[in-house]
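Here is the structure we will look at.
The values are calculated or read from the model by the stated rules, or taken from the named source; none is laboratory data. Fair warning: this is a prediction, and the values are worked out from it, not measured in the lab. Note that we place each Cβ from the backbone using ideal geometry, even for glycine, and neighbour counts take in every protein chain shown. Accessible surface areas use protein heavy atoms only, side chains included; no ligands, DNA or RNA. Shrake-Rupley method; radii C 1.70, N 1.55, O 1.52, S 1.80 Å.
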Amino acid sequence: MDEVKPCFIRGQLGPIFAELALEYLRDLLKELEFHCLSRKCQHFPMVISTFAVVFMAVESIQYHSAKDAYHAHYDDGGDAMVHSHRVDGPLLVDKSEGVDALLRFYRACFSGCHAEALLSVSKGKGIAKGDKGGESEGAGDDGTVFVAGLKKAVEKVQYYLKGRSKVSIPAKGGDMTLLFDRLLAKLFLLEG
């Protein structure tokens, strides 16, 4: 009997990891939908941070897909047909319908909380107040501190974010660093 090689084990686990990732993403989006539809500003810190992580993951996936295709295109040897297919692969095209839908959903549910929290936290308003003006459950100091830090960060890099919110996925062979911060900028500035 042959020895089992690590690549064989990795090959067997690959589909399982993909299924787990899909299951976890489905659960995350279902829970996120619940919090968004509640439209409670006390959920704002958790909602915006979750959207930010999801958008960073999308940008990272797009970057790695573009990077793999870029290297496959410029590396010597191998089948040119495979390389050209990878370069023109689906993730290099800006297929942002899903991200746009998430942004529209976020905007529909939390645009008021977003504007109030990012514009008013320093005045002691925003997420610490509930929808009815009273103290909300769970917002607490951690959420207020998080949003105050986010507000300062957005103000500090607003010029950068405005520029990034206008960037689209670069053409083949373009600057791959442009793949980063586009979606985060649209989220933080509520643009796009």
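Things worth noting here:
- Take 144-157, 26-39, 45-58 and order them by the average number of nearby Cβ atoms within 10 Å per residue, most first; the result is 45-58, 144-157, 26-39.
- Solvent-accessible area assigned to carbon and sulfur over region 21-71 amounts to 62 percent, based on a 1.4 Å probe.
- Evaluating 6.51 cos²θ - 1.76 cosθ + 1.60 at θ = phi - 60° for every residue in region 101-111, the Karplus couplings come out as 5, 5, 5, 4, 5, 4, 4, 5, 8, 10, 4 Hz, glycine and proline recorded as x.
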